[in-house]
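The values are calculated or read from the model by the stated rules, or taken from the named source; none is laboratory data. Because the structure is a prediction, the values reported are computed rather than measured. Cβ coordinates were reconstructed from backbone atoms using ideal geometry, including for glycine residues, and neighbour counts include every protein chain displayed. For accessibility, only protein heavy atoms count, side chains too; no ligands or nucleic acids. Shrake-Rupley method; radii C 1.70, N 1.55, O 1.52, S 1.80 Å.
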Amino acid sequence: MPGISNYIGRFAPSPTGSLHFGSLLAALASFLDARANQGRWLVRMEDLDPPREIAGAAAQILRTLENFGFYWDGPVRYQSQHLDLYQQALQQLRKQQQAYPCYCSRQQIAQRHAAVYDGYCQQQKQPPRPPEPNHPAAIRVIVGDSRIGFDDAIQGHYQQQLKTEVGDFVIRRRDGLYAYQLAVVVDDAAQQVSHIVRGYDLLDSTPRQIQLQQRLQLPTPEYAHIPILVNSQGQKLSKQTYASAIDPDQPHRSLFRALQLLGQQPPEDLRAGSTHEMLRWGINHWQLSWVPRQPHLAESLLES
Ligand code: GLU
């Protein structure tokens, strides 16, 4: 029965295309971990970037989740309806003098040959002024000198020195859009998310998110980063490449393969089972500790 423990998990797709196999793995892993822990499982649509959005993708993602039997608790949260919360968080950081406007163009930053943003707009004696009136500024957060580390339930200890590895990062873009890093932290707290299970490609975003949580006095959830799909050069597959790997109307094959790729050893006779039976087996036998650490080669999707 959902929701009888304090566990709250979530799946947070961006509506930039239909659900591909990599996001199916994240949806399945977060769903099974939540349900195996008698937790709630929420769905949040991360629709903060209209230029990258594909019309109809949000509805299509939700339909695919339903076809796979991933029923979520409560209403879907749409980030585009919570801009006031991101604005408040940004103002709090500015008030605490932990964020500043930046007018540097990409080209100017590149010309200075800095590996990460060099803090130029923060280091000026005078507050930086727009190169021309009404020129929009990005807002960057000051990362400071500390090392931020955490214990990932799958990947083990992970840490970053934000200053040298990331630099002061953007929380509101020059085009006025709030950055993923800020919105994700605000929403995970607003939805009281306690456990985040998501793709390994976001492991190196986590220290930034933990730092924002600390600055905004928000709790830090537990994290588990699952392997993603890569090609033989180790590059992450684009949504387009593997969009075809999921047929939303034929969930069986994908679901069985996804259970295997998550290290869960489903028995052969489950192949003939219904979606419902596969998920039930998945919940009853879920072992987070069996999920492999390393990325999967996409070619392995084809074997089974
Ligand atoms: N919206 C992000 C994505 O689709 C995932 C965010 C998260 O799980 O923190 O890649």
* Asked: Among the residues of region 168-185 satisfying the criterion of being aliphatic (A, V, I, L, M) and crowded, with 23+ Cβ neighbours inside 10 Å, which is nearest to C104 (Cα to Cα)?
  -> I171
* Structure fact -> Filter region 186-204 for residues that are within 23 Å of Q98 (Cα to Cα) and surrounded by fewer than 18 Cβ atoms within 10 Å (Cβ to Cβ); the one that is farthest from the ligand (Cβ to nearest atom) is A190
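Here's the yes/no breakdown for (1) assigned to a helix (DSSP H, G or I); (2) open to solvent by 50 Å² or more (accessible area, probe 1.4 Å); (3) among the β-branched types (V, I, T):
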site: E66; (1), (2), (3): yes, yes, no
site: F70; (1), (2), (3): no, no, no
site: D73; (1), (2), (3): no, no, no
site: D84; (1), (2), (3): yes, yes, no
site: A89; (1), (2), (3): yes, no, no
site: Q92; (1), (2), (3): yes, yes, no
site: Q97; (1), (2), (3): no, yes, no
site: Y100; (1), (2), (3): no, no, no
site: C104; (1), (2), (3): no, no, no
* Only one residue in A153, A137 is under 24 Å from V184 (Cβ atoms) and either at pLDDT below 95 or β-branched (V, I, T) (or both). Which one? -> A137
* When L218 is evaluated against the numbered criteria (1) part of a loop (DSSP other than H, G, I, E, B); (2) more than 18 Å from the chain's Cα centre (by Cα), which criterion, by number, is the only one it fails? -> (2)
* Structure fact -> Output for Cβ contacts, cut-off 6 Å, separation at least six or different chains, first residue within 16 Å of the ligand (Cβ to nearest atom) and assigned to a helix (DSSP H, G or I) in region 173-184, second of a type in the set (F, W, Y) and open to solvent by less than 30 Å² (accessible area, probe 1.4 Å), reads L182/Y86; A183/Y86
* To do: Considering only region 121-167, state which residues are acidic (D, E) and closer than 24 Å to I196 by Cβ.
  => D151, D152, E165
